[in-house]
């Protein structure tokens, strides 16, 4: 007996960025083909039993298998990282293809294609990291890669091996303007950080907690202001990544009030961690929460919550930068407890991002379900040229879906599917977790078990961002 659909999800309470409605969802060929009631039988049937169904998450800021100076390396590759993502309700990831100094941008992309090939369990795209904007990169490689579907790139204003000076930033922003791409900026003042770090080291203040002292909010504020000014000069939209608190938020609000297209992203660590998680004494365990910008304080957490709800933030990402704590290739380089300058920056979060915000935002009454979908799925899909294929429950969209289970439990790292030996959210009491994750209509997580299919994830071709006002872009001759 033939059936009209590959899958029908019955009795769903569907939530999108703009609507809520009860319906059945029919899937064929990996896409949603009908929404309604009384739909024909599917080859497979799933009863959502009135549970909430949201679009699968789009994690638009994560680091997987990214080359690091030895001995450091990411704990997660495209196999384990996308496994962890799927188990947490994320069905699309956008990690970074990072150009090394002296490397062609094209070579960096080909390297990352090879790293992901045959490993990814969910669909993925790449942001480009431009660290060496030579004339060839600016005039040939970057425009060509944008045309091929790599339509976003990240600019660092700190880290010696990645940062660009203001003139170089202007050059890269000019390419973004000409071709309609999205430029993302890591906004921290590198010179201020180095000046503070040297003085802390001279005073013997090298424990992990002093990482936050070396990166106070003013270094983020200054760089955010400067990034906005550079974007204003070029007349190009930008997106400020991992915004941590009030001082950067004020700069973004100023830019918007002056008519500039400034978008912003934040992350779970700025809602659920504080600088005290880096240590209130000189214990090395604070290294687990060393990330940049560092978490701030409770008052700044409230500023971030406000920004999530009032439209300041377009994107809620994990910034998953996975390093094992007790490992020579991780937070203890060569097996040693080192000064904060040498601790790899980053924390894991690709699996916990969705549940943290659903539980502590939606179920705690701090956020509407629609706003949750906008921030975790639809917004990032629009920002990076993947909507409406991704981030939607609509006819024609990919059947990337999450069915939510509401239950009380205590979060423990042993429950997670990454390769990191800790979670910074250990012991948090949550109220929900994805009970089912579907990636293009296939069950990849059933609430108990992960259904491995390495290589099923496809490299996505990104369009131009749909958040950006349309303007004529360069055409190849």
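The values are calculated or read from the model by the stated rules, or taken from the named source; none is laboratory data. Since the model is a prediction, treat every value here as computed from it, not as a measurement. Positions of Cβ are generated from backbone atoms using ideal geometry, with glycine treated the same way; all protein chains shown enter the neighbour counts.
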inquiry  = Among the listed residues 113, 44, 106, 51, identify the single one that is closer than 26 Å to residue 399 by Cα and without any contact (Cβ under 8 Å) to a residue 60 or more places away in the chain.
reply    = 44
inquiry  = Against the definition (closer than 27 Å to residue 62 by Cβ, under 23 Å from the mean Cα position of the chain (by Cα) and modelled with pLDDT of 95 or more), how does residue 169 come out, yes or no?
reply    = yes
inquiry  = Of everything in the stretch 373-396, what is under 17 Å from residue 21 (Cα atoms) and surrounded by fewer than 20 Cβ atoms within 10 Å (Cβ to Cβ)? Give them in sequence order.
reply    = 394, 395
task = Search the stretch 198-218 for residues being closer than 30 Å to residue 262 by Cβ, assigned to a helix (DSSP H, G or I) and in contact (Cβ under 8 Å) with a residue 40 or more places away in the chain, and hand back the single one that is farthest from the chain's Cα centre (by Cα).
result = 214
remark   = Of the residues in the stretch 428-455, those that are within 22 Å of the chain's Cα centre (by Cα) and surrounded by fewer than 17 Cβ atoms within 10 Å (Cβ to Cβ) come to 450, 454, 455
remark   = When residue 83 is run through (1) over 13 Å from the mean Cα position of the chain (by Cα); (2) within 26 Å of residue 141 (Cα to Cα), the failure sits at (2)
ask   = Right, residue 233: surrounded by fewer than 22 Cβ atoms within 10 Å (Cβ to Cβ), under 16 Å from the mean Cα position of the chain (by Cα) and assigned to a helix (DSSP H, G or I) or not?
value = no
key: Pair list, Cβ under 6 Å, 6 or more apart: the stretch 124-144 residue at negative phi and modelled with pLDDT of 95 or more, other residue surrounded by fewer than 18 Cβ atoms within 10 Å (Cβ to Cβ) and in a loop (DSSP other than H, G, I, E, B)   = 131/101; 132/101
message = Looking at the structure I just gave you, is residue 351 within 22 Å of residue 84 (Cα to Cα), touching a strand residue (DSSP E or B) at 6+ places or on another chain (Cβ under 9 Å) and touching a residue at least 12 places away in the same chain (Cβ under 8 Å)?
response = yes
task = Kindly list the number of the only condition in (1) assigned to a helix (DSSP H, G or I); (2) without any contact (Cβ under 8 Å) to a residue 12 or more places away in the chain that fails for residue 303.
result = (2)
ask   = Name the residues in the stretch 115-133 that are more than 20 Å from residue 186 (Cα to Cα) and either touching a helix residue (DSSP H, G or I) at 6+ places or on another chain (Cβ under 8 Å) or in a loop (DSSP other than H, G, I, E, B) (or both), would you?
value = 115, 116, 117, 118, 119, 120, 121, 122, 124
task = Check off (1) in contact with a strand residue (DSSP E or B) (Cβ under 7 Å, 6 or more places away or on another chain); (2) touching a residue at least 24 places away in the same chain (Cβ under 8 Å); (3) assigned to a loop (DSSP other than H, G, I, E, B); (4) surrounded by fewer than 19 Cβ atoms within 10 Å (Cβ to Cβ) for residue 370 and give me the number that stays unchecked.
result = (3)
task = Just give me the residues in the stretch 17-29 being buried (at least 18 other Cβ atoms within 10 Å of the Cβ) and either at pLDDT below 95 or under 12 Å from residue 397 (Cα atoms) (or both), in sequence order.
result = 25, 26, 27, 28
note = Residue hits (the stretch 331-343; buried (at least 24 other Cβ atoms within 10 Å of the Cβ) and part of a loop (DSSP other than H, G, I, E, B)) are 331, 343
inquiry  = Just the residues that are assigned to a loop (DSSP other than H, G, I, E, B) and surrounded by 14 or more Cβ atoms within 10 Å (Cβ to Cβ), please, taken from the stretch 459-469.
reply    = 460, 462, 463, 464, 465, 466, 467, 468
inquiry  = If the requirement is being touching a strand residue (DSSP E or B) at 6+ places or on another chain (Cβ under 7 Å), modelled with pLDDT of 95 or more, surrounded by fewer than 24 Cβ atoms within 10 Å (Cβ to Cβ) and not in a helix (DSSP H, G or I), which of these qualifies: 158, 92?
reply    = 158
inquiry  = Only one of 322, 328, 293 is more than 22 Å from residue 82 (Cα to Cα) and surrounded by 24 or more Cβ atoms within 10 Å (Cβ to Cβ). Can you tell me which?
reply    = 293
key: Qualifying positions in the stretch 91-114 - in contact with a helix residue (DSSP H, G or I) (Cβ under 6 Å, 6 or more places away or on another chain) and under 25 Å from residue 391 (Cα atoms)   = 93, 97
ask   = Of all residues in the stretch 42-69, which are in contact with a helix residue (DSSP H, G or I) (Cβ under 9 Å, 6 or more places away or on another chain) and surrounded by fewer than 24 Cβ atoms within 10 Å (Cβ to Cβ)?
value = 52, 63, 65, 66, 67
